[in-house]
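What follows is a set of notes on a single structure, which appears directly below.
All of the numbers you see were taken from the coordinates with simple rules; none came from a lab. The model shown is predicted, which means the values in this text are computed figures rather than measured ones. Here the Cβ is made from the backbone with ideal geometry for all residues, glycine too, and neighbour counts use every protein chain on show.
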Amino acid sequence: MATAKSKKASPAPVTKAAPKTSAAAAPAPTSAPVHQVPSYLDPNHLGPWGIYLTQVDRVTPYLGPLARWVETLKRPKRALIVDVPIEMDNGTIAHFEGYRVQHNVSRGPGKGGVRFHQAVTLSEVMALAAWMSVKNAAVNVPYGGAKGGIRVDPRTLSKGELERLTRRYTSEIGIIIGPHKDIPAPDVNTNEKVMAWMMDTYSMNVGATATGVVTGKPVDLGGSLGRREATGRGVFTVGVEAAQQIGLPIAGARVAVQGFGNVGGIAGKLFAEAGALVVAVQDHTGGIANDKGLNVPKLLDHVAETGGVAGFKGAEALKPGEFWGTKCDILIPAALEGQLTKENAGKVKAKMVIEGANGPTTPEADDILQDKGILVVPDVIANAGGVTVSYFEWVQDFSSFFWSEEEINQRLVRIMKEAFAGVWNTAQQHKVSLRTATFIVACTRILTARDQRGLYP
Ligand SMILES: NC(=O)c1ccc[n+]([C@@H]2O[C@H](COP(=O)([O-])OP(=O)(O)OC[C@H]3O[C@@H](n4cnc5c(N)ncnc54)[C@H](O)[C@@H]3O)[C@@H](O)[C@H]2O)c1
């Protein structure tokens with residue numbers, strides 16, 4: 001741990017969990033949950049990791065005898081912080097902070113994306129890694145959970161600087177990743193090109209081409225057909241299933257999307273193709289709306305050309321904050337975490353929120369949405385399409401036998417529908433939110449694996 005705050009040796013601080021548990025009929029917890037916070041996090045500012053801990057508390061009463069292992073979920077197995085120095089184009093040397101966290105590997109190798117963003121923190125990467133453990137178990141792919149990131153705004157870098165940063169970072173985390181150990185993938189501000197550099201760097205270091213070390217690669221380098229669209233397709237598939245359960249027809253449904261990148265852009269496109277009206281979109285450049293429905297293909301072209309939705313013709317600009325109150329049936333947060341908060345959740349008019357992003361809803365906002373009768377389809381099931389096709393990519397790389405896009409999409413849709421049905425039934429059975437239900441299904445699988453493996457040594 002390179003940047004752990006130096007404190008004198010003392011027991012890990014203990015912090016009380018947020019008081020509210022699942023609004024539905026949860027078995028009473030035997031004692032108030034307390035969290036031992038590692039010395040390298042500030043117990044008063046736990047960030048996204050604090051949100052994740054609250055979610056674990058909400059599932060604990062449903063874990064039965066497996067609850068004896070629950071502390072396993074409340075700490076990452078491994079967290080690596082690396083210094084990433086690169087030479088900038090102007091000859092100076094710049095240093096960036098990089099992370100790779102493996103939250104849990106009981107069910108298989110670590111799996112999760114790499115994020116390049118100026119606000120990345122250890123707490124955030126820990127939470128994202130933990131959500132990957134839950135997500136992978138929820139759709140039953142044989143992976144643990146991991147995540148990585150670099151604290152950088154990649155838009156400020158030249159292509160050469162970005163490549164040097166990616167390669168040095170890959171080399172630094174090379175000691176813990178590998179096709180059988182931990183397999184990175186794209187996330188916010190990383191893409192196929194970044195994955196190609198990561199694959200090449202790892203391969204150069206081990207002396208053999210190792211296509212299975214990352215997923216989300218270009219198809220020419222062992223990538224999978226359908227991977228780029230997979231997360232958005234999964235959001236759409238699960239959204240349609242959930243809409244059916246609440247009697248909401250997709251044709252004519254009004255959809256608002258925050259984030260119009262890989263996930264939000266594809267999800268918006270698929271909903272529009274199914275006859276829904278995408279009436280509002282917000283990204284880092286601003287918000288736009290058209291009550292009659294935005295022209296999504298043209299908006300995607302505009303974003304590709306200009307880098308954001310602002311300035312799109314055929315829409316009016318939204319004032320800051322106005323987006324959340326959009327009159328719509330389906331709201332898809334598909335940007336960053338912590339977007340739906342207690343400050344704006346009360347404004348939401350949708351019947352359903354489908355979480356394309358990881359961790360977009362704080363627990364307080366979750367409760368407000370639940371009180372308003374709004375169905376929240378949580379990230380840990382809604383955006384699992386990406387990792388599902390990443391799993392297909394990894395399997396294809398090992399067998400060097402590649403499937404058609406049709407086969408990929410069919411298998412993806414089948415897995416997503418089955419996983420959603422399982423979560424829906426669990427929610428009905430225990431009368432809990434879909435988030436708690438997904439955690440019940442997933443944490444049961446993770447802790448069953450832990451229990452069956454036993455504790456080493
Ligand atoms: N790409 C995947 O396969 C995948 C899989 C699962 C989950 N996710 C999650 O989906 C979310 C989006 O990922 P992506 O791959 O689409 O990233 P991306 O980089 O392609 O797009 C991110 C989008 O978010 C917008 N955005 C950034 N900051 C914003 C802000 N402050 N306000 C409003 N919009 C903002 C950007 O403008 C952009 O439209 C992330 O939470 C990511 O972890 C991605």
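A Cβ-based charge dipole, computed about the Cα centre of the chain with Lys and Arg at +1 and Asp and Glu at -1, lands at about 1160 debye. Within a straight-line Cα-Cα reach of under 21 Å, Lys147 can be paired with the following lysines, leaving aside sequence neighbours fewer than 8 residues apart in one chain: Lys74, Lys77, Lys111, Lys135, Lys181, Lys193, Lys217.
Which residues in region 54-89 place their backbone N less than 18 Å from a point set 7 Å from the Cα of Met204 along the Cα-to-Cβ direction? Residues passing the 18 Å test: 84-89. How big is D for region 179-293, in µm² s⁻¹ as a whole number, if Stokes-Einstein is applied with the Kirkwood radius of its Cα pairs at 20 °C and 1.002 mPa s? Calculated translational D: 133 µm²/s.
Taking a ≥ b ≥ c as the square roots of the eigenvalues of the alpha-carbon gyration tensor, region 162-231 is classed prolate because a/c is 1.5 or more and a/b outweighs b/c.
Looking at region 76-209, send over the antiparallel percent of its DSSP beta bridges, to the nearest 5. Let's see the in-between values first.
Working: 17 of 26 bridges.
If we restrict to bridges inside region 76-209, about 65 percent are antiparallel.
Pairs of Cα atoms nearer than 8 Å and 6+ residues apart set the relative contact order; for region 76-209 it is 28 percent.
Would you mind calculating the gained length between Gln428 and Gln118 on full extension (0.36 nm times residue separation, minus the Cα-Cα distance), in nm to one decimal?
107.5 nm
Distance distribution P(r), region 229-382, all Cα-Cα pairs, bin width 5 angstrom from 0: 2, 11, 22, 26, 22, 13, 4, 1, 0 percent. Using the Cα centre of region 76-209 as origin and beta-carbon charges of +1 (Lys, Arg) and -1 (Asp, Glu), tell me which of Gln118, Ala130, Tyr169 is placed farthest towards the positive end of the dipole. With unit charges placed on the Cβ atoms, the residue in question is Ala130. Separation of region 400-424 from region 112-155 is 22 Å, based on Cα centroids. Computed about the Cα centre, the dipole magnitude for region 76-209 is approximately 520 debye when only Lys and Arg (+1) and Asp and Glu (-1) carry charge, each at its Cβ. You can think of it this way: the chain between Tyr456 and Lys313 has 45.4 nm of extra reach, that is 0.36 nm per residue less the Cα-Cα gap.
As a test of the formula, what do you get for the chain when each DSSP H run with n ≥ 4 contributes -39,500 (n - 2.57) and the sum is divided by the residue count, at 222 nm and rounded to the nearest 500 deg cm²/dmol?
Working: 12 runs with 175 residues, N = 457.
Using -39500 (n - 2.57) per qualifying helix, the result is -12500 deg cm²/dmol.
With θ taken as phi - 60° and the Karplus curve 6.51 cos²θ - 1.76 cosθ + 1.60 applied, the whole-hertz 3J(HN,Hα) list for region 318-331 is 8, 6, x, x, 5, 3, 5, x, 3, 6, 8, 9, 10, 10 Hz, x standing for glycine and proline. Modelled label positions at Ala421 and Ala304, each set 7 Å beyond Cα in the direction of Cβ, lie 3.6 nm from each other.
Below 8 Å, C-alpha to C-alpha, sequence gap of six or more: please give me the relative contact order for the chain in percent. Could you put the intermediate results ahead of the total?
Values: 950 pairs, mean separation 73.2, N = 457.
This gives 16 percent for the chain.
Taking every Cα-Cα distance in the chain and sorting them into 20 Å bins starting at zero, the pair-distance distribution P(r) comes out as 26, 60, 15, 0 percent.
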